[in-house]
Amino acid sequence: MKYVIINGSPRKKNTWAIVKHIQSNLEATFEEIHLKDYNIPLCNGCYNCILKGEKYCPHFDKINTIMDKLKSADAFIIASPVYAMNVTAILKNFIDHTAYLYHRPEFFTKKALVVVSTAGAGQKKVAKYIDETLRHWGVNKVYKIAFACGAKESLETKDIDKTAIKFKKDVETAKMHSPKFGDIIFFNVWKAMAVGENPIETDKEFWINNDLINHDFSPDVKLGFFKKIFSKLMFNILKRVM
Ligand SMILES: Cc1cc2nc3c(=O)[nH]c(=O)nc-3n(C[C@H](O)[C@H](O)[C@H](O)COP(=O)(O)O)c2cc1C
């Protein structure tokens, strides 16, 4: 199994110590991406990625290097410390560069583990934000480790190990999980927009070329009967209101 790790901390300390510990549970191949070393300029809000296609991002070379690594992975580990009750600026800047994935999700067969460390507050909220981001990318299942370092002198590893082992087993089975209702709604928002009256052409091409417009969710992920009906219903409602 190959795991790509995105380290959103500008240093290799508390968050990285947790990631290192998790690695010892996974027995796999790892590719490390330390965002600090990529020097990605700030997203300048040009909208090119969304409207024209991600290749037109002025920082495409750097973003694409990371995207290629993510595409080649079985699973991701995304790590960040809490900075002012949010992710670090370098991770947020990277996430901003992935805004096109919210329109054109790609990672339906991937699983991810989110790792957040903090002095004392914000860890759950920040882990939830990264989880939501990954779900917008299409990621099938997200595990979370949110750790408060506080005055602790060493890592309390029991809960970390438990989650890491669950994550490992899940990645190895390659079993696809049924999406949440919220994921189905978002799938249909973008699908309805792509086939609506004035679609963004890049979105339309993506949804047609990947044959997603003929499915209730990614064909890689099975939907049960009720979720299928829910998805069809959502699409019909959204098509009318978009
Ligand atoms: C700029 C900055 C902002 C921070 N903001 C918070 C915060 O809002 N809440 C908190 O509990 N800890 C905060 N911290 C503490 C870090 O989240 C914590 O020490 C974390 O474990 C550092 O991880 P690292 O060693 O990977 O950088 C902040 C630290 C820095 C440097």
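The values are calculated or read from the model by the stated rules, or taken from the named source; none is laboratory data. These numbers were taken from a predicted model, which means no experiment stands behind them. Note: ideal-geometry Cβ built from the backbone for every residue, glycine included; neighbour counts use all protein chains shown. Protein only, heavy atoms only, side chains kept; ligands, DNA and RNA dropped before computing areas. Shrake-Rupley method; radii C 1.70, N 1.55, O 1.52, S 1.80 Å.
General remarks:
- Scan segment 79-134 for residues that are without any contact (Cβ under 8 Å) to a residue 12 or more places away in the chain and not hydroxyl-bearing (Ser, Thr, Tyr) and the total you get is 4.
- Flag for Thr133 being of a type in the set (S, T, N, Q) and within 12 Å of the ligand (Cβ to nearest atom): no
- Yes/no for Val115 being hydrophobic (A, V, I, L, M, F, W, C), within 11 Å of the ligand (Cβ to nearest atom) and modelled with pLDDT of 95 or more: yes
- Beta carbons closer than 9 Å, at least 6 apart along the sequence or on distinct chains, pair a first residue in segment 57-78 that is within 27 Å of Lys175 (Cα to Cα) with a second that is aliphatic (A, V, I, L, M) and exposed (fewer than 14 other Cβ atoms within 10 Å of the Cβ) for Asp74/Ala174.
- Every condition in (1) within 16 Å of the ligand (Cβ to nearest atom); (2) open to solvent by less than 20 Å² (accessible area, probe 1.4 Å); (3) over 13 Å from Asn86 (Cα atoms); (4) of a type outside the set (A, V, I, L, M, F, W, C) holds for Lys144 except the one numbered (2).
- Matching helices (runs of 4 or more DSSP H) fully within segment 128-242 where at least 3 residues are out of contact with any helix residue (DSSP H, G or I) (no Cβ under 7 Å at 6 or more places or on another chain): 158-173, 201-209, 225-241
- Residue satisfying condition, being at pLDDT below 95 and open to solvent by less than 60 Å² (accessible area, probe 1.4 Å), within set Gly150, Gly224: Gly150
- Restricting segment 20-48 to residues that are within 17 Å of the chain's Cα centre (by Cα) and open to solvent by less than 60 Å² (accessible area, probe 1.4 Å) leaves a set whose member that is farthest from Val87 (Cα to Cα) is Glu31.
- Residue check: Gly122 meets all listed conditions (1) more than 16 Å from the ligand (Cβ to nearest atom); (2) of a type outside the set (A, V, I, L, M, F, W, C); (3) farther than 15 Å from Ile66 by Cα but one, namely (1).
- Qualifying residue in segment 103-117 (condition: open to solvent by 60 Å² or more (accessible area, probe 1.4 Å) and touching a strand residue (DSSP E or B) at 6+ places or on another chain (Cβ under 8 Å)): no
- Inspection of segment 139-159 identifies at least one residue that is on the phi > 0 side of the Ramachandran plot and in contact with a strand residue (DSSP E or B) (Cβ under 9 Å, 6 or more places away or on another chain).
- Note on segment 1-10: among residues that are assigned to a loop (DSSP other than H, G, I, E, B) and within 16 Å of the ligand (Cβ to nearest atom), the one that is surrounded by the most Cβ atoms within 10 Å (Cβ to Cβ) is Gly8.
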